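One structure is given here, and the rest of the page talks about it.
The values are calculated or read from the model by the stated rules, or taken from the named source; none is laboratory data. The structure presented is a predicted model; accordingly, all values stated were derived computationally and were not measured. Note that we place each Cβ from the backbone using ideal geometry, even for glycine, and neighbour counts take in every protein chain shown. For the accessible areas, the whole protein counts, side chains as well, though only heavy atoms, and no ligand, DNA or RNA atoms are used. Shrake-Rupley method; radii C 1.70, N 1.55, O 1.52, S 1.80 Å.
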Amino acid sequence: MTRRKRIKTPRPPEATWRTARLYEADLYNVRWPVCGCRLVWAVVGRKWVRLCTPITNIKWRMRRSEWDATPTLQKGA
C-alpha cells in the first residue's frame, strides 16, 4: 500500500500573512474572484477578512459578516 504525499500549500511571503490560517471554504458569490470549494489563507480581522489562494496567489478581501456566513472548515497549517 502506498502513502499519498501531502500537498504543500505555501503561505504568502508578505509579512501581513504571517498570522494567516488555512481554511477550506465554500465560496459561491459572483463578486469574489474565485468560486467553489477552495483552500484559502485567511487573516480574520474585526471588520474585514483578507483572503489568498495558495498556489495562484489571488488576493482579495470580504466583509467579516460575509465570512461568518460562508461555510468554512479550519485546516491545520
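In the stretch 9-37, which residues are among the charged types (D, E, K, R) and either in contact (Cβ under 8 Å) with a residue 60 or more places away in the chain or crowded, with 17+ Cβ neighbours inside 10 Å (or both)? Even if it seems obvious, please write down each step before you answer.
Of the residues in the stretch 9-37, the ones among the charged types (D, E, K, R) are 11, 14, 18, 21, 24, 26, 31.
Within the stretch 9-37, just 11 meets the criteria.
Keeping to the stretch 38-49, report how many residues are open to solvent by less than 80 Å² (accessible area, probe 1.4 Å) and either in contact with a Lys or Arg (Cβ under 9 Å, 6 or more places away or on another chain) or over 11 Å from residue 23 (Cβ atoms) (or both).
Initial filter on the stretch 38-49 (open to solvent by less than 80 Å² (accessible area, probe 1.4 Å)): 39-45, 49.
Within this subset, residues satisfying the condition of being either in contact with a Lys or Arg (Cβ under 9 Å, 6 or more places away or on another chain) or over 11 Å from residue 23 (Cβ atoms) (or both) are 39, 41-45, 49.
Of the residues in that region, 7 qualify.
For the stretch 60-77, the set of residues classified as modelled with pLDDT under 90, part of a loop (DSSP other than H, G, I, E, B) and either in contact with a helix residue (DSSP H, G or I) (Cβ under 8 Å, 6 or more places away or on another chain) or open to solvent by 60 Å² or more (accessible area, probe 1.4 Å) (or both) consists of 75, 77, listed by residue number. Taking the criterion of being of a type in the set (A, V, I, L, M) and open to solvent by 90 Å² or more (accessible area, probe 1.4 Å), would at least one residue in the stretch 50-59 satisfy it? Looking through the stretch 50-59, at least one residue is of a type in the set (A, V, I, L, M) and open to solvent by 90 Å² or more (accessible area, probe 1.4 Å).
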